[in-house]
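Take a look at the structure below.
Quick note: the coordinates plus some simple rules give every number you see, no bench work behind them. For clarity, every value in this text was computed on a predicted model and none was experimentally measured. Heads up, the Cβs are rebuilt from the backbone with ideal geometry, glycines too, and the neighbour counts pull from every protein chain shown.
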Amino acid sequence: MRTYLFLWLAVLLALSLEYFALNTQPELSSLKKLGFTPEPGRALSLYLGWAGMGLMALMNVYSLRKRFRIAPHARLSRVLDFHIFCGLLGPTLIIFHSNFKVRGLVAISFWSMIVAALSGVVGRYIYVQVLRQRRESEKESEQWSQRLNELCARATGPVSADLMNRMKGRALKFVGLDPKMRNPFLVFVSALFGDVRLLFDSPAIPAGVPTACRSVLKNYALAERQSKFLEPFQKLMGYWHSFHTPFAFFMYLAATIHIAAALILGVNR
């Protein structure tokens, strides 16, 4: 997924620089030297529109792989990553296709596309949380707990059972795990804030405990969170499908009408 993200950011940066130059300082634009202009209906706009729509159509490969089990050799997680990449790059090209000017029927397709794309990113996060069965997460949690015990045995001072429990409790709180929490939306927010904290830090450990315990504590807490929050996230996945699907449907419907109207009525080139 990281490679896809870098590729999307590279395309986004290149298009942003070119469109800024085209609309403000054409003499600095490489596309202008090739005869392109950014106005909707012109050649550049059409190329971006068709490319964006093509990527949006390719997104359905994931649905076909999931429902009809085509290409069984392709891992579903990798197909999902490609699905998300198309869901990021496709709308990006469509935004530049419109030159940031949307109105009328196009606006319905455009904003449905934006909502569907953003909700798709949220869906990817939820999917990761329900990827494993509870038994697998519990087994992983036990393995990390054993690894933690092994490391703490090398500590400069004795690590009592009470201290170990406090370390684990702080780590669970750090990643946003509250065992009593059952509301799916609160669970989502708590887990998300926990992951944001993990981007900048790891669970704290007392003095004398090996520093390697920090990463082990983090992995232990994440496995515990995945196990305890599995049911709320499964409910959230159902809610997400109910929200995401209508916007995707309206996006394709309005886009099809828009393309048909452009082809029937003609567009400037």
Neighbour-count order for Ser77, Ser119, fewest beta carbons within 10 angstrom listed first:
Ser77, Ser119
Test of understanding: ordering Thr3, Thr245, Thr92 by Cβ neighbours within 10 Å, fewest first, what list do you get?
Thr3, Thr245, Thr92
Nothing charged except the Cβ atoms of Lys and Arg (+1) and of Asp and Glu (-1): what's the magnitude of the dipole of the chain about its Cα centre? Round to the nearest 20 debye.
440
Cβ density ranking, 10 Å radius, fewest first, applied to Val196, Val128, Val79, Val175 yields Val196, Val128, Val79, Val175
Sorted from largest to smallest, which semi-axis lengths in Å does the alpha carbon gyration tensor of the chain give for its equivalent ellipsoid, taking the root of 5 times each eigenvalue?
47, 22, 15
Report, largest value first, the span of the C-alpha coordinates of the range 134-232 along each principal axis, in whole Å.
42, 29, 21
Under the √(5λ) rule applied to the eigenvalues of the Cα gyration tensor, what semi-axes describe the equivalent ellipsoid of the range 56-213? Give them in Å, descending.
43, 20, 14
Proximal aspartates and glutamates to Lys180, defined as alpha-carbon separation beneath 16 angstrom and excluding residues fewer than eight positions away on the same chain:
Glu224, Glu231
Output the pairs from Lys139/Lys173; Lys66/Lys218; Lys66/Lys168; Lys66/Lys139; Lys33/Lys101; Lys168/Lys235 with a Cα-Cα distance over 29 Å in this structure; if there are none, say none.
Lys66/Lys218; Lys66/Lys168
If I require 15 Å or longer along the helix axis, counting alpha carbons, and a Kyte-Doolittle average no lower than -0.5, what helices from the chain are left? Use full DSSP H segments.
2-24, 43-58, 76-97, 105-129, 161-174, 184-200, 230-265
